Amino acid sequence: MKIVLAEGRSDVRTALRALLEEDGSLRVVAEAVDADQVAGALEASCPDLILLEWEICRKRSPRVLAEWAGLCPGIQIIAMSSDPKVGPQALAAGARAYVCKCDSPDRLLEAVREVQGLRGAPEREA
């Protein structure tokens, strides 16, 4: 599964990349720090998944998720934030799942596996 990491903090991107790439079926193909970089990464690699820090798209508009889906039909988005109240907003905007940054790394991997199809029907919010 090809993944774009969209996260503003380099230390968090590094940790997420290490966590994801421990699984041989997951490959981070690009990293982005803002919505414009996400769009560029989608055009360059058309990944399967965006792991998205929600605050990145707030600067433009939650409608940006629909724009990204137009660039890569079938793309899945897992939104993340340190604010648990963001979950309903992200899901309403089109994210497949929401994971709070305060959740365990296992919860994040579970959400990725759900999107990857390794598990049954995904829980929409943890």
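Tabulated data for the structure shown
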{"item": "Only listed residue being part of a helix (DSSP H, G or I) and within 15 Å of residue 5 (Cβ to Cβ), chosen from 18, 66", "result": "18"}
{"item": "Residues of segment 88-126 that turn out to be of a type in the set (Lys, Arg) and at pLDDT below 90, as a count", "result": "2"}
{"item": "Of all residues making up segment 74-87, the number that are modelled with pLDDT of 90 or more and over 15 Å from the mean Cα position of the chain (by Cα)", "result": "2"}
{"item": "Residue 40 being more than 12 Å from the chain's Cα centre (by Cα), assigned to a loop (DSSP other than H, G, I, E, B) and within 21 Å of residue 1 (Cα to Cα)", "result": "no"}
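The values are calculated or read from the model by the stated rules, or taken from the named source; none is laboratory data. Note that the coordinates shown come from a computational prediction; the quantities given were computed from them, not determined experimentally. Heads up, the Cβs are rebuilt from the backbone with ideal geometry, glycines too, and the neighbour counts pull from every protein chain shown.
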